[in-house]
1. Please find, within segment 182-217, the residue that is surrounded by the fewest Cβ atoms within 10 Å (Cβ to Cβ) out of those that are in a strand (DSSP E or B) and out of contact with any Asp or Glu (no Cβ under 8 Å at 6 or more places or on another chain).
2. Take Leu164 and decide whether it is closer than 17 Å to Gly104 by Cβ, part of a helix (DSSP H, G or I) and within 17 Å of the chain's Cα centre (by Cα).
3. Which residues, counting only those in segment 125-181, are among the small types (Gly, Ala, Ser) and crowded, with 17+ Cβ neighbours inside 10 Å?
4. Here are some residues: Phe156, Phe203, Phe150. Which one is under 29 Å from Pro54 (Cβ atoms) and in contact with a His (Cβ under 7 Å, 6 or more places away or on another chain)?
5. State whether one or more residues within segment 184-197 are out of contact with any strand residue (DSSP E or B) (no Cβ under 7 Å at 6 or more places or on another chain), of a type in the set (A, V, I, L, M, F, W, C) and closer than 27 Å to Ala61 by Cβ.
6. Would you mind stating whether Arg173 is at pLDDT below 95, closer than 25 Å to Ala219 by Cα and of a type in the set (D, E, K, R)?
7. Considering only segment 167-195, how many residues are among the hydroxyl-bearing types (Ser, Thr, Tyr) and over 17 Å from the mean Cα position of the chain (by Cα)?
8. If you scan segment 138-197, which residues turn out to be over 27 Å from Phe122 (Cβ atoms) and charged (D, E, K, R)?
Amino acid sequence: MLAVDAPQLGMAGGPATAGQAMPTAVMDAILLAGGQGRRMGGLVKAFLPVGGQPVIDRSLAVLRPMFRCVHIVTRTRAGWDAYQERLLTDDRPESGPLVGLARGLAASEAEWCFLAAGYMPFLGPAVIAVMARATEEDVDAVALRTGRLFQPLHAFYRRSCLPLAEDALAHGRTSVQDILRAVRVHAIAPEDLRGLDAGLTAFRDIDTPEDYAQAQDIAAHRSIQGRT
């Protein structure tokens, strides 16, 4: 697996002050790219261009400098030649984010991993950095909570979640929500992030043609503003 030296970042993703090393420097990131994209006509969503760049490349540009190592979890190596050195495959019959979470945690040597989808085009270091600080508490996961549910992607998971994930899959359960309900979670409220990401754009993913069109519009608007 590729290991990349990570810079020190502060709470909002800027330079860290003395003694304020960014905790993600000793963490891994897991990008899920195994979905079949049925609602996108079978296209590999991670390869869709947004803002002139494949979504997966946009994500890697954010995650590589922040994390010790980035793992990409997919069903097959076909079409992923450029990403072989950090590619994980899983042939479990089950599908869904829990499969990728279990595969990534099992492959990682880090105590904490950041889990995101390879088709989330607007990951940003500022939001990730704020959430990462909560891993210093005595918890097993850090996730955004909206209403009664947690957002299982764009979330942090401790290695302690791996046995629960593997047991759930062994018993035919594939919901990450089940894991989040069973462990100690630091719940991030939307208002905690409003100053950094008013529309919670970092948590957007591409599942449908409508999602893709909206992502293109957001990217075009950001380009006009000089942002990515």
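The values are calculated or read from the model by the stated rules, or taken from the named source; none is laboratory data. All values derive from a computational prediction rather than experimental measurement. For neighbour counting, all protein chains shown are included, and Cβ atoms are generated from backbone atoms with ideal geometry for every residue, glycine included.
1. From segment 182-217, those in a strand (DSSP E or B) are 185-188; that's our starting set.
Filter again for out of contact with any Asp or Glu (no Cβ under 8 Å at 6 or more places or on another chain), leaving 187-188.
Values: Ala187: 15, Ile188: 22.
Among those that are in a strand (DSSP E or B) and out of contact with any Asp or Glu (no Cβ under 8 Å at 6 or more places or on another chain), it is Ala187.
2. Values: closer than 17 Å to Gly104 by Cβ: yes; part of a helix (DSSP H, G or I): yes; within 17 Å of the chain's Cα centre (by Cα): no.
Considered against the rule, which asks whether it is closer than 17 Å to Gly104 by Cβ, part of a helix (DSSP H, G or I) and within 17 Å of the chain's Cα centre (by Cα), Leu164 comes out as no.
3. Just the residues of segment 125-181 that are among the small types (Gly, Ala, Ser), to begin with: 126, 129, 132, 134, 141, 143, 147, 155, 160, 165, 168, 170, 172, 175.
Ala126, Ala129, Ala132, Ala134, Ala141, Ala143, Ala155, Ala165, Ala168 - these are the residues of segment 125-181 that are among the small types (Gly, Ala, Ser) and crowded, with 17+ Cβ neighbours inside 10 Å.
4. Values: Phe156 fails: in contact with a His (Cβ under 7 Å, 6 or more places away or on another chain); Phe150 fails: in contact with a His (Cβ under 7 Å, 6 or more places away or on another chain).
After ruling out the rest, the residue left standing is Phe203.
5. Filtering segment 184-197 down to residues out of contact with any strand residue (DSSP E or B) (no Cβ under 7 Å at 6 or more places or on another chain) leaves 184, 191-197.
Then drop every residue that is not of a type in the set (A, V, I, L, M, F, W, C), which leaves 193, 196.
Checking which are closer than 27 Å to Ala61 by Cβ leaves us with 193, 196.
Within segment 184-197 (the criterion being out of contact with any strand residue (DSSP E or B) (no Cβ under 7 Å at 6 or more places or on another chain), of a type in the set (A, V, I, L, M, F, W, C) and closer than 27 Å to Ala61 by Cβ), the answer is yes, since at least one residue qualifies.
6. Answer is no for this residue.
7. So in segment 167-195, the residues among the hydroxyl-bearing types (Ser, Thr, Tyr) come out as 174-175.
If we keep only those that are over 17 Å from the mean Cα position of the chain (by Cα) as well, we get 174.
Residues in segment 167-195 being among the hydroxyl-bearing types (Ser, Thr, Tyr) and over 17 Å from the mean Cα position of the chain (by Cα): 1 in total.
8. Within segment 138-197, Asp138, Arg159, Glu166, Asp167, Arg173, Asp178, Arg181, Arg184 meet the criteria.
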